[in-house]
């Protein structure tokens, strides 16, 4: 593991702990050259599937990309990292059991449904980007569905 500060390859593990429901290992490390301390996470690669976009393009599933979008929707909301991690773990397990290729619509709808359960404001924010609301009317329609 390279030090993010000085790029030295000589680092040592100070502490290791299981995290994320025993699905990941959190390691506290220290650079032997500059004494900089940093944290790394190790998790099994369970989500090896391809996302099929609306235009037919295919790309590897990228958890970080999806998580970044979810956090944008959850900005300034009382949502914890643990909640988002649990939500993503659950969704990824469901998607990886569905086959090697997953339509982007399934991914988007899955996230929206999970966010609806977690926080309605985050759901609306995510939906407004995912569904590409063009005007206030489409936004109102989605709010009406939520209110029912």
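How about segment 76-102: which of its residues are in a loop (DSSP other than H, G, I, E, B), modelled with pLDDT of 90 or more and surrounded by fewer than 13 Cβ atoms within 10 Å (Cβ to Cβ)?
Listed by number, the residues that qualify are 76, 78, 80.
One line per residue, one yes/no per condition, for (1) surrounded by 13 or more Cβ atoms within 10 Å (Cβ to Cβ); (2) free of Cβ contacts under 8 Å to residues at least 24 places away in the same chain; (3) within 30 Å of residue 9 (Cα to Cα):
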{"site": "29", "(1), (2), (3)": "yes, no, yes"}
{"site": "55", "(1), (2), (3)": "no, yes, no"}
{"site": "61", "(1), (2), (3)": "yes, no, yes"}
{"site": "73", "(1), (2), (3)": "yes, no, no"}
{"site": "104", "(1), (2), (3)": "yes, no, no"}
{"site": "111", "(1), (2), (3)": "yes, no, no"}
{"site": "114", "(1), (2), (3)": "yes, no, no"}
{"site": "119", "(1), (2), (3)": "yes, no, no"}
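The values are calculated or read from the model by the stated rules, or taken from the named source; none is laboratory data. Predicted model, so just to flag it, every value in this text is computed and none were measured. Using ideal geometry, Cβ is built from the backbone for each residue, glycine included, and neighbour counts are taken over all protein chains shown.
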